[in-house]
1. In percent, how large is the relative contact order of segment 13-105, given Cα pairs closer than 8 Å and 6 or more residues apart?
2. Roughly what % antiparallel, to the nearest 5, for the DSSP beta bridges in the chain?
3. Would you calculate, for the chain, the mean residue ellipticity at 222 nm contributed by helices, counting each DSSP H stretch of 4 or more residues as -39,500 (n - 2.57) and dividing by all residues, to the nearest 500?
4. Enter the angle in degrees (range 0 to 90, nearest 10) between the Cα long axis of helix 381-397 and the first principal axis of the Cα atoms of the chain, meaning the one along which they spread out most.
5. Across segment 13-105, what fraction of all alpha-carbon pairs, as a whole percent, falls in each successive 5 Å bin from zero upward?
6. Could you order the peptides 430-443, 389-402 from most to least packed, using the average number of other C-beta atoms within 10 Å per residue?
7. Note down the Stokes-Einstein diffusion coefficient of segment 335-452 in µm²/s, whole number, using a Kirkwood radius over alpha carbon pairs, 4 °C, and 1.567 mPa s.
8. Taking the Cα atoms only, what angle lies between the long axis of helix 84-96 and the longest principal axis of the chain, rounded to 10 degrees?
């Protein structure tokens, strides 16, 4: 089969080479973006009188016909035509005749594919921002209902200090907020038009790149044609932001897995997000958070893969850059699936307040407050730390908790203790007294929830 570029060749492409170098298997996902870019390009060609208005109208009509076929799933693609651009150009020529060949005037597949990816990633990034917001809303809803729910806070996975469960959840809200801000900021680099750069050096035709940018809704154009066709920073930035986002989701997923175990029993995931065992009838496995945790690795891999492809490439375009798409598509698919599951999974989980309360009353996580109590009585903190450490050791040896010890025991360690120490040690009071800005006190948690709602409203307005 004759190639559209085959004029200077005397042999047909080897069949294995044809299959190995073809990208149509995956870049057909850019079909609608390719049509969108072509529609703007041909309109500009007509307006600039590079081709006749009649030819531009004919080509435009043909492109709309192809678009309808794509949307209906009626267009077929072949490896012989290599990529989405050559497949669509061939279909266009078949549809409207040789005039379809004029569409490629003043452009190259190099700037064409770059434009397609900018269009695709711009659309997908905006969609991703909305999905992140859905997860934030789910976290916010659970947080508003659990401001007064007390849970052990951990460091080194050891109980540290009692905290509001809402405070713990809200930490993930703010992680997602930063993820969303990274996505929003990355749009500045995505919203740049490469079309008109040609293969690498521009074109001899008097094209109007600014007009194409206007038609496609791009904020600006690349000022350097070589950079335009070889830049994949915008994909790297998306993959990087996606990797950080998946890190946060993986951390949350890990906690959901731990919290839903029988050993913790702090939450129960809805049945619709769990599976059973083929041999053990009692099992309820947290498969969804486990898989979300695992899929982080493939997103990392896509980032490292593209970094490796690009690290040694000379300017401008090289066939290596064909490897920029599959990882991008896979990351988009992974993020879409992850975020669409995350929001309803968080929103539907059941909180076991009784198990959480039991946990914070059967540990020594209120010890810091006992040391702070002595400090308020005039004892230096380091001395207070040592005294409370000795009391904790005594309680452990006696198999008691701090609230269980007789007042006489406390007085053996310091005469500064008074009976009000028991109020200080109550878990709900431990939480309530941490009222520094950003702390876990219920008053502060409600303030950050209000702040989060305000930010969410502003960001939702931004992405619409």
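Only the coordinates and a few stated rules stand behind these numbers; no lab work does. The structure displayed is predicted, hence computed values, not measured ones. No Cβ is skipped: glycine too gets one built from the backbone with ideal geometry, and neighbour counts run over all protein chains shown.
1. 40
2. Numbers: 9 of 11 bridges.
Once the DSSP bridges in the chain are tallied, antiparallel ones form about 80 percent.
3. Taking each H run of at least 4 residues, the total per residue is -20500 deg cm²/dmol.
4. The helix 381-397 is inclined about 80 degrees to the chain.
5. 3, 14, 24, 23, 16, 11, 6, 2, 0
6. Working: 430-443: 17.4, 389-402: 14.1.
Result, highest mean first: 430-443, 389-402.
7. Values: Rh = 16.7 Å.
In µm²/s, the coefficient is 78.
8. 40
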